[in-house]
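Colleague: Structure incoming, see below.
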Ligand SMILES: Cc1cc2nc3c(=O)[nH]c(=O)nc-3n(C[C@H](O)[C@H](O)[C@H](O)COP(=O)(O)OP(=O)(O)OC[C@H]3O[C@@H](n4cnc5c(N)ncnc54)[C@H](O)[C@@H]3O)c2cc1C
């Protein structure tokens, strides 16, 4: 009996012989999905409870991922290279199906990497991206530091400054960053700083800071509700000096961009927003992984748990909830895959499709995990079962990389052209 995917492939192949549109994954994508799922099932999920309780970075799991080639700049480059754009969300969904805290400990690095890829010169990419991952024997992580105590949703409120010291051809960075994933434990920190406060977000620039640069220290580590295997901390920059070569994109490009902004001409946007736009569909895929884990667990539980002499799934109240969970997850995945394909093929997000995908997937994860808890009854609320952890983990997807409210602002502005506040 052929699967739905096989049937889709046959139909698309027989129409005119050129299957230029297909909803089916290709064999490479299926193989990769299976490989990452195997790692998530055999290594990540069994370790999830331990690292959630410890609330610390799961270095042995990161090392294992590095040893099998899942955590490396080569593998990330391979995931990025897929012209359909679907490989990276598939990898993220499977990993986060295993566990979101460990998933973030592995994938938090990609935010820093995305900033370097998006804004760095070829030379900077070649030098800094491998350093974000380290080696299989000594893996490293990277951090992306944009948020500050008074600059969360309002990126224009960033107060960290970078001043150019012409005599030494160095930049001097001062300020406090908040909420940085891997902040203080990373080998590579990408820091967003203000170089011309009069220009708002257009006066921002991104710098890479390595362990050889002095003046960057970790502040308080955040004790969190969920994603507890992922390290989150404040970062202090106290006369942190970096050579000019560590300004992403280089000084000439920055000067040109600032000159255009001062003349009131349009630019390609600011340093943080460029990183977030590219990463939102992938973040949506992470939320999907959590939602799918909770749905699958609840489905299985509902078939096995008996009350009033029958399996609880035989009640429509439970069965219809599970039907809705599955439908919402599949709908969210379609938005994530669409935005991923658009991003990879440089199709402009005219209706904020990247934001749509992250918003939908985040809300589906929160709703699905809450419903899964309900289906498990008391067991849903107990720490011996993973659903309460998934529920805690899911909530962050309404908050980071742009809150749900900010995503709605971005989408409503995009569809209306009106400056909605
Ligand atoms: C676990 C975790 C990891 C993180 N990792 C990173 C990281 O690696 N790097 C990084 O730079 N940052 C990171 N962040 C920060 C994250 O991006 C911010 O928390 C987020 O942008 C929201 O900012 P805020 O917390 O200051 O909330 P605020 O901006 O203060 O928002 C508070 C509430 O007000 C609402 N609100 C604000 N403005 C408006 C408006 N105009 N209209 C309607 N509602 C509005 C928000 O939606 C929210 O509900 C992380 C945060 C967490 C919790």
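Colleague: Pairs of Cα atoms under 8 Å, at least six residues apart: use those to get the relative contact order of the chain, whole percent. Show your work: numbers first, answer last.
Modeller: Numbers: 771 pairs, mean separation 65.4, N = 421.
With pairs under 8 Å counted, the relative contact order is 16 percent.
Colleague: A follow-up question, please. Against the empirical 2.2 N^0.38 Å scaling, what ratio does the C-alpha Rg of the chain come to? Please list the in-between numbers first.
Modeller: Values: Rg = 22.3 Å, N = 421, 2.2 N^0.38 = 21.9 Å.
Ratio of Rg to 2.2 N^0.38 Å for the chain: 1.02.
Colleague: Just to check, using Stokes-Einstein with a Kirkwood Rh over alpha carbon pairs, what's the diffusion coefficient of the range 271-416 at 10 °C and 1.306 mPa s in µm²/s? It would help to have the intermediate numbers written out before the result.
Modeller: Working: Rh = 15.9 Å.
Using the Kirkwood radius from Cα pairs, D works out to 100 µm²/s.
Colleague: Shifting gears a bit: Per 0.36 nm of contour for each residue apart, how much would the distance between residue 244 and residue 296 grow if the chain were fully extended, relative to their Cα-Cα spacing? Provide the component values of the computation, followed by the final result.
Modeller: Values: separation 52, 0.36 × 52 = 18.72 nm, distance 5.08 nm.
Stretched fully, the residue 244-residue 296 segment lengthens by 13.6 nm.
Colleague: May I have the extent of the alpha carbons of the range 44-202 along their three principal axes, as whole Å values ordered from largest to smallest?
Modeller: The Cα atoms of the range 44-202 stretch 50, 35, 31 Å along the principal axes, largest first.
Colleague: Enter the angle in degrees (range 0 to 90, nearest 10) between the Cα long axis of helix 404-416 and the first principal axis of the Cα atoms of the chain, meaning the one along which they spread out most.
Modeller: 80 degrees
Colleague: Compute the FRET efficiency between residue 351 and residue 308 as 1/(1 + (r/R0)^6), taking r as their Cβ-Cβ distance and R0 = 45 Å, and round to the nearest 0.05. Before the final figure, lay out each step's value.
Modeller: On the way: r = 48 Å, r/R0 = 1.06.
The computed FRET efficiency comes out at 0.40.
Colleague: With each run of n ≥ 4 DSSP H residues scored as -39500 (n - 2.57), what mean residue ellipticity at 222 nm is computed for the chain after dividing by its residue count and rounding to the nearest 500 deg cm²/dmol?
Modeller: Details: 15 runs with 217 residues, N = 421.
My calculation for the chain gives -16500 deg cm²/dmol from helical runs alone.
Colleague: With a 10 Å Cβ neighbour count serving as the proxy for reagent exposure, in which order, fewest first, do 340, 156, 72, 416 appear? Walk me through the intermediate numbers first.
Modeller: On the way: 340 27, 156 15, 72 20, 416 9.
Listed from fewest to most nearby Cβ atoms, that is 416, 156, 72, 340.
Colleague: Let me ask something else. Highest mean first, how do 367-374, 389-396, 219-226 rank when packing is the count of other Cβ atoms within 10 Å averaged over residues? Walk me through the numbers on the way to the answer.
Modeller: Numbers: 367-374: 22.6, 389-396: 24.9, 219-226: 14.6.
Taking the mean over residues of other Cβ atoms within 10 Å, the ranking is 389-396, 367-374, 219-226.
Colleague: If I take R0 = 30 Å and measure r between the Cβ atoms of residue 49 and residue 159 in this structure, what FRET efficiency does the formula 1/(1 + (r/R0)^6) give, to the nearest 0.05? Don't jump to the answer; show the numbers that get you there.
Modeller: Details: r = 39 Å, r/R0 = 1.31.
Between residue 49 and residue 159 the formula returns 0.15.
Colleague: Between helix 353-376 and the chain, what is the angle of the helix's C-alpha long axis to the longest principal axis, kept within 0 to 90° and rounded to the nearest 10?
Modeller: 40 degrees
Colleague: For the range 134-287, count all C-alpha to C-alpha pairs, find those more than 25 Å apart, and express that count as a whole percent of the total.
Modeller: Numbers: 3526 of 11781 pairs.
That tail contains 30 percent of the Cα-Cα pairs.
Colleague: Let me ask something else. Of 104, 342, how do they rank once you tally other Cβ atoms within 10 Å and put the fewest first? Intermediate values should be presented prior to the final figure.
Modeller: Numbers: 104 28, 342 18.
By the 10 Å Cβ count, ascending, the order reads 342, 104.
Colleague: I've got another one for you. Taking the Cα centroid of the range 323-383 and of the range 197-221, what is the distance between the two, rounded to the nearest whole Å?
Modeller: The distance from the Cα centre of the range 323-383 to that of the range 197-221 comes to 32 Å.
Colleague: What is the extension gain from residue 399 to residue 217, computed as 0.36 nm multiplied by their sequence separation minus the C-alpha to C-alpha distance, in nm to one decimal? Spell out each step's value before the answer.
Modeller: Numbers: separation 182, 0.36 × 182 = 65.52 nm, distance 2.53 nm.
Gain on extension, residue 399 to residue 217, equals 63.0 nm.
Colleague: Nearest 10 degrees is fine. How inclined is helix 109-119 to the longest principal axis of the chain, computing both from alpha carbons?
Modeller: Helix 109-119 sits at roughly 50 degrees to that axis.
Colleague: Same structure again: Quick check: pseudo-label points 7 Å beyond the Cα along Cα→Cβ at residue 42 and residue 174, how many nm apart are they?
Modeller: Once both label points are built, they end up 5.4 nm from each other.
Colleague: Highest GNM mean-square fluctuation, the chain, Cα pairs closer than 10 Å: which of 130, 83, 281?
Modeller: 83
Colleague: Could you check which residue among 87, 109, 161 shows the biggest mean-square fluctuation in a GNM of the chain with a 10 Å Cα cutoff?
Modeller: Maximum among the listed residues: 161.
Colleague: Where does the Debye-calculated log10 I(q)/I(0) of the range 359-421 sit at q = 0.14, 0.15, 0.26 Å⁻¹, using only Cα point scatterers of equal weight, no solvent?
Modeller: -0.49, -0.54, -0.97
Colleague: Neighbouring Cβ atoms within 10 Å as the yardstick, rank 160, 135 fewest first. Could the numbers behind the result be given before it?
Modeller: Values: 160 23, 135 11.
Lowest to highest Cβ neighbour count: 135, 160.
Colleague: A further question follows. Taking just the alpha-carbon atoms of the range 22-133, what radius of gyration and Dmax come out, in angstrom?
Modeller: According to the Cα coordinates of the range 22-133, Rg and Dmax are 14.5, 44 Å.
Colleague: To the nearest 0.05, how large is the calculated FRET efficiency for residue 315 and residue 256 if R₀ is 51 Å and r is the Cβ-Cβ distance?
Modeller: Values: r = 65 Å, r/R0 = 1.27.
For R0 = 51 Å, the calculated efficiency reads 0.20.
All of the numbers you see were taken from the coordinates with simple rules; none came from a lab. Predicted, not measured: the structure shown is a model, and the values here were computed from it. Cβ coordinates were reconstructed from backbone atoms using ideal geometry, including for glycine residues, and neighbour counts include every protein chain displayed.
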